[in-house]
Amino acid sequence: MKKIKFIFPAAIAGFVAISAVLYSRSSGGSKVMESYSTTSEFVFSHEESKSEISLESLCVYVCGAVNNPGVIYLDEGSRICDAIKKAGGITADADINSLNQAEKVTDGQKIYVPLIGETYAGYSENSKSSLININTAGVNELLTLPGIGESKANAIIAYRNDNGGFKKIEDIMNISGIKEAAFNKIKENICV
């Protein structure tokens with residue numbers, strides 16, 4: 001009797017195991033493997049996208065007159081207009097004309113969108129906030145410099161876009177019409 005009690009549950013367990021194997025083969029057991037494979041691919045692609053963010057992305061801070069200010073991540077080669085769009089776009093009272101929206105962003109950059117009528121002197125990582133950063137200033141900001149008219153302001157922006165920005169403030173003398181005398185008038189008001 002004891003043997004029957006032991007054999008009966010073992011026989012049922014064996015029957016269930018054999019039935020499960022036969023059922024999975026006849027009803028497409030490969031689907032179970034496909035499901036597993038898909039999960040593996042998802043985990044791999046998720047990990048791959050994490051490495052893309054850390055290796056090929058730029059981290060910038062967008063603030064001021066934007067709908068969702070904060071730190072955002074952009075692809076290499078993105079422009080200020082892309083950063084503003086990713087920050088939810090501008091508010092109704094933003095002075096978007098004071099920014100060069102076509103400028104490429106750099107990792108760690110702060111992009112400040114001023115309000116209409118607000119005077120903003122640009123941003124420098126050296127906390128020279130009273131100075132105009134010639135690598136980030138828009139036309140309106142450049143026009144506040146002594147001796148800089150609209151054509152020179154546009155030439156400054158074109159130069160920095162073509163040459164990847166100014167390395168030192170003296171590089172502004174590479175622009176036609178800005179030589180040592182003009183530079184001496186503005187050097188106390190600019191930074192890079």
Worksheet entry | Scan of the stretch 145-170 for residues that are surrounded by 19 or more Cβ atoms within 10 Å (Cβ to Cβ) and assigned to a loop (DSSP other than H, G, I, E, B), ordered by number | LEU145, ILE148, PHE166
Discussion item. Condition (residue is surrounded by 11 or more Cβ atoms within 10 Å (Cβ to Cβ), out of contact with any Cys (no Cβ under 8 Å at 6 or more places or on another chain) and either in a helix (DSSP H, G or I) or modelled with pLDDT under 80 (or both)) applied to the stretch 97-111: is it met by at least one residue?
Written reply: yes
Worksheet item: If we scan the stretch 158-165, do we find a residue that is under 22 Å from GLU188 (Cβ atoms) and at pLDDT 90 or above?
Response: yes
Worksheet item: Hey, any hits in the stretch 84-95 for a residue that's at pLDDT below 90 and loosely packed, with under 15 Cβ neighbours inside 10 Å?
Response: no
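Collect the residues in the stretch 144-192 that are among the aromatic types (Phe, Trp, Tyr) and touching a strand residue (DSSP E or B) at 6+ places or on another chain (Cβ under 8 Å), keeping them in residue-number order.
Of all residues in the stretch 144-192, those among the aromatic types (Phe, Trp, Tyr) come to 159, 166, 183.
Result: no residue meets the conditions.
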Practice prompt. Answer with yes or no whether ALA155 is touching a Ser or Thr at 6+ places or on another chain (Cβ under 8 Å), free of Cβ contacts under 8 Å to residues at least 24 places away in the same chain and not charged (D, E, K, R).
Written response: yes
Fill in: Test result for ASN189, surrounded by fewer than 12 Cβ atoms within 10 Å (Cβ to Cβ) and either closer than 18 Å to GLN109 by Cα or not assigned by TED's automatic domain parsing to the domain that holds ARG79 (or both)
no
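The values are calculated or read from the model by the stated rules, or taken from the named source; none is laboratory data. All values derive from a computational prediction rather than experimental measurement. Positions of Cβ are generated from backbone atoms using ideal geometry, with glycine treated the same way; all protein chains shown enter the neighbour counts.
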